[in-house]
Amino acid sequence: MRPLFWLATALIPAVMAEDGLDGWLRYAPLPDKIAKCYAKSIPSQVTVLGATDGLPLASAVKELKLGLKGILGKEVDISDEGCMGGETPSILLSTLENYVSVCGDLDDPPELDEDGFYFNTKDGNVVILGSNERATLYGTFEYLSRLAQARFEPVEYVDNPEANIRWGNHWDNMDYTTSTHGSIERGYAGVSIFFKDNKIRDDLSRVEQYARLLSSIRINAIVINNVNANPITLTDENLAGVGRIADLFRPYGVQVALSLNFASPVELGDLDTFDPLDEDVVRWWDGMVDKIYGVVPDLAGFLNKANSEGQPGPLTYNRTLAEGANLMARPAARHGGIFMFRAFVYDHHLDHRDWYNDRANAAVDFFKHHDGEFEDNVVVQIKYGPIDFQVREPPSTLFANLRHTPVAVELQVTQEYLGQQNHLFYLTPLWRDILDFDLRVDGEESYVRDVVSGKRFGHKLGGYAAVINVGMDRNWLGSHLAMSNLYAYGRIAWDSSSDSVDVVEDWTRLTFGLDRGVIDTVAEMSMLSWPMYENYTGNLGVQTLTDILHTHYGPNPASQDNNGWGQWTRANRYSIGMDRTVWNGTGYAGQYPAEVAERFEHIETTPDNLLLWFHHVPYTHVLKSGKTVIQHFYDAHYDGAEAAQTLVPMWESLKGRFDDERYEHMLHRLVYQAGHAIVWRDAVNYFYHNLSGIEDEAGRVGSHPWRIEVEDMELDGYERVAVTPPSTASRFYAVEAAANATVATATATLGFPAGTYRLAVNYYDLPDGQASYEVFINGEEVAAWEGDYDLYLGNTKSEFLDGHSAARRWLGEVTIAEGDELKIVGRPDGIERAPLDYVVFLPEGVVD
Ligand code: GCW
């Protein structure tokens with residue numbers, strides 16, 4: 001008879017399926033050999049001083065038990081008494097203050113800042129002393145992270161944060177149906193974990209799991225509702241719900257904060273004005289803020305978007321932005337709350353015909369003269385660049401222009417303009433690029449990181465906010481790999497000098513295990529992602545070139561210009577770029593301190609990657625690289641799209657090295673990205689090719705010898721349609737099944753030389769419909785697919801044939817001979833009229 005254990009092991013899959021819910025907090029078992037070797041050296045005794053249920057120290061104990069069990073299979077005893085130097089080795093958890101009061105003064109007390117902790121594993125004991133409870137929890141997570149990465153070397157250090165504001169911002173709406181942007185504005189991973197049907201959800205179990213993740217990366221506060229704030233968040237019933245949410249975050253040391261709608265006294269109260277200088281309005285806010293703190297006494301504070309993109313604010317009453325901010329900041333201050341006031345104030349009805357208009361100027365124009373007028377607890381929250389989370393921007397000039405007001409930088413974990421989590425984009429290098437920029441205020445070292453931490457201008461407050469927008473998707477952000485950005489955000493907000501590669505490697509170990517090949521590959525893919533995406537979207541500082549009027553997802557260079565939004569590129573037939581010089585342009589360059597202003601004022605000293613941000617030049621302008629602007633566009637787009645193809649084989653090399661579930665999920669996204677990168681490449685290249693009339697030196701743009709345009713095939717039931725924008729279809733046309741057709745076919749005789757080809761098809765994948773397609777060669781079916789990308793991709797959907805819905809399917813290899821018949825049969829479903837753009841037969845080595 002076989003021994004019973006055989007049966008037991010046979011039932012356990014070698015690698016457990018995972019859905020990503022645990023993020024980097026998997027506490028996965030270390031390989032047996034390592035665990036056996038080290039488990040013994042870890043103390044079995046945990047001493048925790050002063051833990052209270054529902055507060056972070058108690059969570060530290062909970063996590064420690066869970067982590068040690070998971071990582072090392074180790075059980076521990078918990079005691080609430082004991083000091084350093086006891087006979088049995090122990091893991092000691094306490095706040096420093098409590099430790100001193102229980103055990104007496106330390107000979108050499110660590111110097112801890114707010115939220116900082118002391119960590120020592122040197123003499124067989126583990127000592128974690130936090131400056132407060134959550135700091136002790138941070139230290140505990142640090143310890144577990146080290147164990148999970150098999151880092152057992154003894155260490156002793158103090159870890160203090162660079163900045164005390166390390167906030168997350170959620171753009172969650174109260175309601176799915178009445179909000180303009182659905183459940184979460186710019187969310188790409190399901191609906192809100194907080195709100196449903198204008199109320200706080202009954203089941204908040206995801207919030208508790210989220211709190212653990214945030215705490216482990218030392219995020220200390222989270223704004224739960226959209227900056228486009230709905231006043232009904234503040235109804236009595238909803239405030240009680242906010243209280244429930246705060247109760248779930250509190251054990252993890254994450255404080256809740258709220259976005260406020262400036263017009264609430266009118267919208268929610270019964271006043272007929274929201275003028276910040278009106279006494280009744282002042283009283284209303286005083287009462288409301290007191291009421292909110294009555295429900296959530298440890299609320300971190302508030303966030304406000306005033307007079308921006310249609311939001312109400314003090315300017316409505318000719319009051320200043322400072323008067324507006326102070327109105328709500330004053331009562332918040334009485335409760336120790338912070339008031340984050342967004343600098344994203346601009347006019348989105350700017351006259352584009354005026355050469356000197358510039359949205360980038362707005363932040364300084366609106367805020368600089370109020371420097372010093374804000375209450376002490378007001379922090380101005382500034383997006384990293386002067387426009388809006390673009391693939392390449394210089395840092396906002398406002399960082400250099402507010403000396404008497406604390407500031408925070410606003411980053412975006414949610415990839416609004418950066419591929420919406422369908423495209424891999426590891427953000428740390430981009431963030432570091434901004435934070436490491438030296439603004440040279442008064443000719444002195446003035447890194448953005450030191451401005452936001454408060455160090456440069458001597459402020460106690462300051463730091464980081466990031467729009468996070470996780471949703472109900474089990475893996476939080478829609479894409480497993482996108483989670484490295486959330487993890488990295490915490491690391492950067494704590495220590496802005498964190499190395500991009502180190503961070504993604506740590507994250508990979510925690511997320512996928514210790515396999516060196518996996519760590520190296522994920523790091524390589526991640527580090528490739530920014531240059532790659534920049535290459536196939538918008539180059540030389542021209543911005544992302546996505547559709548800014550619609551979903552912010554696919555390509556649409558034309559949408560940047562000739563409207564009031566001010567994200568202009570000023571592209572015409574001869575030249576392109578925003579002239580932001582002082583001598584001839586909008587003057588934006590002059591908002592930087594002198595040394596930097598001087599650098600950006602001149603083409604010669606402006607780096608190529610920001611050339612079009614600061615200068616308007618002919619397409620034939622020769623860059624420092626020796627290429628012309630237009631040729632750089634063409635080449636970069638080909639390079640970027642080609643690089644995107646390499647992600648798939650890199651990922652495929654990891655098959656079987658962790659669970660199939662996460663492997664397959666990411667594979668689908670990367671395959672899709674490889675196709676969409678080609679859509680991007682062609683759309684942008686066609687657009688500028690068409691506009692400038694300048695040929696690609698390499699002859700690639702507009703020349704596709706291996707493609708068959710479906711609109712040129714013999715059509716039955718299909719109709720030729722013009723696509724908008726035209727450059728998002730190969731040769732500007734596609735086909736769709738006629739309104740009354742239930743099936744449609746396209747047929748052609750192949751003229752390619754006999755051989756084996758990789759077959760691919762470009763089509764449009766629309767929401768609310770899954771058209772099906774079959775491909776036949778000489779009557780034999782060689783491939784079939786359904787238009788179902790919309791079911792599992794997270795991007796904002798488009799109902800039209802355009803750059804958002806344009807997609808590619810890779811249909812495997814086919815062997816054909818000249819004269820063979822190609823037939824595609826499409827069956828429409830709902831609004832998806834089985835649309836097709838082109839078929840391509842790719843010889844070995846060709847990417848087209
Ligand atoms: O980036 C833009 C977004 C808006 C957003 C706004 C902002 C919440 O497209 O969706 O609104 O910025 O940051 O306020």
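Observations
- Across the range 204-324, the fraction of Cα-Cα pairs farther apart than 18 Å, rounded to a whole number, is 53%.
- Near N563: Cβ cut-off under 13 Å, other residues only, Lys/Arg at +1 and Asp/Glu at -1. The net charge is -1.
- Derived scalar couplings between HN and Hα for the range 297-306 equal x, 9, 3, 6, x, 9, 10, 9, 10, 10 Hz in order, rounded to whole Hz, by the Karplus curve 6.51 cos²θ - 1.76 cosθ + 1.60 (θ = phi - 60°), x for Gly and Pro.
- Taking the C-alpha atoms of the range 510-636, convex hull volume expressed per residue in Å³: 165 Å³
- Beta bridges from DSSP with both residues in the range 120-248: antiparallel share about 60 percent, rounded to the nearest 5.
- Shown for the range 1-156 is the translational diffusion coefficient from the Stokes-Einstein equation, using the Kirkwood radius over Cα pairs, a temperature of 20 °C and a viscosity of 1.002 mPa s: 128 µm²/s.
- Accessible surface calculations at 1.4 Å, restricted to protein heavy atoms, place the chain at 37 Å² per residue.
- Cα point-scatterer Debye curve for the range 289-352, base-10 log of I(q)/I(0) at q = 0.12, 0.18 Å⁻¹: -0.36, -0.69
- Taking amide H as placed 1.01 Å from N in the peptide plane, the amide H of G301 sits under 5 Å from that of L258, I338, each at least 5 places away or on another chain.
- Rounded FRET efficiency, nearest 0.05, which uses the C-beta distance separating K368 from S44 and R0 of 45 Å: 0.15
- Take the Cβ atoms of D107 and F152, set R0 to 35 Å, and the FRET efficiency comes out at 0.85.
- Kirkwood hydrodynamic radius (C-alpha pairs) into Stokes-Einstein, the chain, 25 °C and 0.890 mPa s, D in µm²/s: 85 µm²/s
- Taking the charge dipole of the range 253-389 about its Cα centre, with +1 at Lys and Arg Cβ atoms and -1 at Asp and Glu Cβ atoms, the residue from L350, P386, L277 reaching farthest to the positive side is P386.
- Neighbour net charge for N326 - beta-carbon separation under 12 angstrom, K R +1, D E -1: -2
- Averaged over residues, the count of other Cβ atoms within 10 Å places the peptides 98-105, 358-365 in the sequence 358-365, 98-105, highest first.
- The range 727-784 - Rg over Rh from alpha carbon coordinates, Kirkwood radius: 0.97
- For the range 727-735, Karplus couplings with θ = phi - 60° (6.51, -1.76, 1.60), whole Hz, Gly/Pro x: 6, 8, 10, 4, 6, 6, 10, 9, 10
- Inverse mean reciprocal Cα-Cα distance (Kirkwood Rh) of the range 739-848, Å: 14.6 Å
- Each 5 Å bin from 0 upward holds the following percent of the Cα-Cα pairs of the range 494-542: 4, 20, 22, 17, 16, 13, 6, 2.
- Remark: the E697-I603 segment gains 31.4 nm on full extension, using 0.36 nm per residue and subtracting the alpha carbon distance.
- Overall, the accessible surface of the chain at a probe of 1.4 angstrom is composed of carbon and sulfur to the extent of 49 percent.
- Residues in the range 674-717 reached by a label modelled at N740 [backbone nitrogen below 17 Å; 7 Å Cα→Cβ]: 716-717
- Gain upon complete extension [H404, E445; 0.36 nm per residue less C-alpha separation]: 13.0 nm
- Within the range 123-201, all pairs of alpha-carbon atoms sorted by distance into 5 Å bins from zero give the percentages 3, 12, 15, 13, 8, 9, 12, 11, 9, 4, 2, 0.
- Overall form of the range 601-725 per C-alpha gyration tensor (a/c, 1.5; a/b vs b/c): oblate
- Taking the DSSP bridge list for the chain and keeping only pairs wholly inside it, about 60 percent are antiparallel.
- 3J(HN,Hα) couplings calculated from phi for the range 564-576 with the Karplus curve 6.51 cos²θ - 1.76 cosθ + 1.60 (θ = phi - 60°) are, in sequence order, x, 6, x, 9, 6, 10, 6, 6, 10, 5, 10, 8, 7 Hz; Gly and Pro show x.
- If only the Cβ of Lys and Arg carry +1 and only the Cβ of Asp and Glu carry -1, the dipole of the chain around its Cα centre is close to 900 debye.
- For V701, residues with placed amide H under 5 Å, excluding near neighbours: D696
- Among the helices of the chain, none built from whole DSSP H runs has Cα atoms reaching 27 Å or more along its own axis together with a mean Kyte-Doolittle hydropathy of at least 1.0.
- Given K305/K383; K33/K122; K36/K74, the pairs whose alpha carbons are separated by over 20 Å: K33/K122
- Taken over the Cα atoms of the range 98-247, the convex hull encloses 151 Å³ per residue.
- The range 114-157, Rg to Rh (Cα coordinates; Rh as Kirkwood inverse mean 1/r): 0.97
- If you model the range 533-572 as an ellipsoid using its alpha carbon gyration tensor, with each semi-axis the square root of five times an eigenvalue, the axes come out at 15, 13, 7 Å, biggest first.
- Computed helical MRE - 222 nm, the chain, DSSP H runs ≥ 4 contributing -39500 (n - 2.57), nearest 500: -9500 deg cm²/dmol
- Solution diffusion estimate, µm²/s, Stokes-Einstein, the range 300-416, Kirkwood Rh from C-alpha pairs, 25 °C, viscosity 0.890 mPa s: 166 µm²/s
- Of the peptides 667-676, 410-419, the ranking by mean beta-carbon count within 10 Å, highest at the top, reads 410-419, 667-676.
- Size descriptor for the range 506-578, Kirkwood hydrodynamic radius: 14.7 Å (Cα pairs only, one decimal).
- Cβ-placed point charges (K, R +1; D, E -1), dipole of the range 566-702 about Cα centre in debye, nearest 20: 220 debye
- Distant-in-sequence amide H partners of D376 (H built 1.01 Å from N, under 5 Å): none
- Its Cα gyration tensor gives the range 773-825 an equivalent ellipsoid, and the semi-axes of that ellipsoid, as √(5λ) in whole Å with the largest first, are 28, 11, 10.
The values are calculated or read from the model by the stated rules, or taken from the named source; none is laboratory data. Here the structure is a predicted model, which means the values were calculated and not measured. As a convention, Cβ positions derive from the backbone with ideal geometry for all residues, glycine included, and neighbour counts pool all protein chains shown. Ligands, DNA and RNA are excluded from the accessible area calculation, which covers all protein heavy atoms including side chains. Shrake-Rupley method; radii C 1.70, N 1.55, O 1.52, S 1.80 Å.
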